[in-house]
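Structure record follows, encoded as C-alpha cells.
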Amino acid sequence: MPQIQQKTGLVMEGGAMRGLFSAAVLDVLTEENINLDAMIGVSAGATFGCNYITHQPGRALRYCLRYRLDPRFCSVFSLLLTGDMFGAEFCYHTLPEKLDPIDNQAFLERGIPFYVVATDVNTGKAVYHLCRDVISKDELEWIRASASMPLASRIVKVGGREMLDGGISDSVPLKYFEYKGFRKNVVVLTQPEGYRKQPNSMMPLIRKVYRKYPALIEAMQRRHLLYNRQIEYVEQAAKRGDVLIIRPPEILPVSHTSHSAAKLKKVYAYGRETAIRMLPEIRSFLETKERERL
C-alpha cells in the first residue's frame, strides 16, 4: 500500500535572554544538518530562531555579546528615550541589516516555512504570521511584535493590527502546528521540567497602562493558567511519542535583560550541552515513521 511521511515541526518558546538556550539548541541542529519541515517561534523563539533557517549558527550569541552594553541594544535609557527596552530601530533594523546581517538569501533558498506569533492587543488573541522573508521592513516588524514585552515595549502596528508579545496569548503554539498538519514536533522550552507559571505580580500596573485594551488585560491576567495548560498538553503529547521536548536541566541563571557576558555564555552552554546529549534521541525521534494509508 502507499505510505506517507509525517511532517515535522519545530516549536520555540520565548523567554527573552533565556532564548539563548534555544539558540544554542538550534545551532547544534544546524551544525548536525538536522532539518525539520517548518518552524514557529514566539518572542525570543522568533528573534533567535530565524538563524536556524538562515543557517547562521553562533549569530545570536555573537551579537548579544558584542552589543550587550550598547544602550541602543537593551537599556533603561532606550526604554525612556524610545519606549522600547530593546531598541526597535537598532535591534530590528540596524543590527540585522548592517552590523550583523541576516542572510535573507539563505532563508529564501531553504524554503522552510517560518511562522511567528504575536498578540492583538484589541482582541487579546494570538495572530500567526508566515514570514515571506527576514529582511523586509514589514517582516522584521512582525518579528519585533512577537518579542515586544508588555511594559517594556511600545505597541507595534503591523499588518493593520496593534500587537505585543506572542507569549501573552500562545506561549507554546504546539496546537497551532498540529492544526497545520505537523504531527511530529520538537518543542524547545526555556524552563525546566516541573516549572509552572505564577500569576503576574505586575497586574495593577498593567491594568493602568493598558486600560484602553481590556481584552489584553484579560489575556494577561489568565496567561499563567493558559501557559500551565499548554505545558501539560506538551508533556502529554511527549508521552504519546508525538513530541520531543528539549528544555534546560534547571532554572537558567539569567534575567530577561541580563548584560552579563558570563551569564549569557552559561545559558548558551546549557543549550549546547543539552542538545549534544540528546542528539541520539533527536535523530531517533525524527526518523521517518511510515504507516499504511488506510
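Please verify whether Ser78 is of a type in the set (Ser, Thr, Tyr), open to solvent by less than 10 Å² (accessible area, probe 1.4 Å) and under 19 Å from Leu252 (Cβ atoms), treating the condition exactly as stated. It is false that Ser78 is of a type in the set (Ser, Thr, Tyr), open to solvent by less than 10 Å² (accessible area, probe 1.4 Å) and under 19 Å from Leu252 (Cβ atoms).
Tell me, yes or no, whether the range 274-288 has at least one residue that is aromatic (Phe, Trp, Tyr), more than 29 Å from Val156 (Cβ to Cβ) and either open to solvent by 60 Å² or more (accessible area, probe 1.4 Å) or modelled with pLDDT of 95 or more (or both).
We begin by selecting, within the range 274-288, every residue aromatic (Phe, Trp, Tyr); these are 285.
Checking which are more than 29 Å from Val156 (Cβ to Cβ) leaves us with 285.
Right, trim to either open to solvent by 60 Å² or more (accessible area, probe 1.4 Å) or modelled with pLDDT of 95 or more (or both) and you get 285.
Scanning the range 274-288, I find at least one residue that is aromatic (Phe, Trp, Tyr), more than 29 Å from Val156 (Cβ to Cβ) and either open to solvent by 60 Å² or more (accessible area, probe 1.4 Å) or modelled with pLDDT of 95 or more (or both), so the answer is yes.
Looking only at residues of the range 257-284 that are more than 18 Å from the chain's Cα centre (by Cα) and outside any helix (DSSP H, G or I), we find that the one that is farthest from Ser78 (Cα to Cα) is Ser260. Note on the range 170-220: among residues that are under 14 Å from Val121 (Cβ atoms) and in contact with a helix residue (DSSP H, G or I) (Cβ under 6 Å, 6 or more places away or on another chain), the one that is most open to solvent (accessible area, probe 1.4 Å) is Arg207. Evaluating Gly15 against the criteria (1) at negative phi; (2) open to solvent by less than 20 Å² (accessible area, probe 1.4 Å); (3) touching a Leu at 6+ places or on another chain (Cβ under 9 Å) leaves one unmet condition, (1).
Report yes if Gly159 is under 20 Å from the mean Cα position of the chain (by Cα) and touching a residue at least 60 places away in the same chain (Cβ under 8 Å), otherwise no.
Values: under 20 Å from the mean Cα position of the chain (by Cα): yes; touching a residue at least 60 places away in the same chain (Cβ under 8 Å): no.
Here the answer is no, as Gly159 does not meet what is asked.
With a requirement of 3 or more residues that are over 22 Å from Ala126 (Cα atoms) and under 15 Å from the mean Cα position of the chain (by Cα), the helices (runs of 4 or more DSSP H) lying completely within the range 1-98 that satisfy it span 19-31, 50-53.
Report yes if some residue within the range 30-41 is surrounded by fewer than 24 Cβ atoms within 10 Å (Cβ to Cβ), in contact with a His (Cβ under 8 Å, 6 or more places away or on another chain) and without any contact (Cβ under 8 Å) to a residue 60 or more places away in the chain; otherwise report no. Yes.
Each residue in the range 99-110 was checked for being in contact with a helix residue (DSSP H, G or I) (Cβ under 6 Å, 6 or more places away or on another chain) and outside any helix (DSSP H, G or I), and 2 of them qualify.
Checked against (1) open to solvent by 50 Å² or more (accessible area, probe 1.4 Å); (2) over 25 Å from Lys212 (Cα atoms); (3) modelled with pLDDT of 95 or more, Lys137 passes all but condition (3). Assess whether Tyr270 counts as being surrounded by 14 or more Cβ atoms within 10 Å (Cβ to Cβ), of a type in the set (Phe, Trp, Tyr), without any contact (Cβ under 8 Å) to a residue 60 or more places away in the chain and in contact with a helix residue (DSSP H, G or I) (Cβ under 8 Å, 6 or more places away or on another chain). Considered against the rule, which asks whether it is surrounded by 14 or more Cβ atoms within 10 Å (Cβ to Cβ), of a type in the set (Phe, Trp, Tyr), without any contact (Cβ under 8 Å) to a residue 60 or more places away in the chain and in contact with a helix residue (DSSP H, G or I) (Cβ under 8 Å, 6 or more places away or on another chain), Tyr270 comes out as no.
The values are calculated or read from the model by the stated rules, or taken from the named source; none is laboratory data. None of the values given here were measured: they were computed from a predicted structure. Note that we place each Cβ from the backbone using ideal geometry, even for glycine, and neighbour counts take in every protein chain shown. SASA here: full protein model, heavy atoms, side chains in, ligands and nucleic acids out. Shrake-Rupley method; radii C 1.70, N 1.55, O 1.52, S 1.80 Å.
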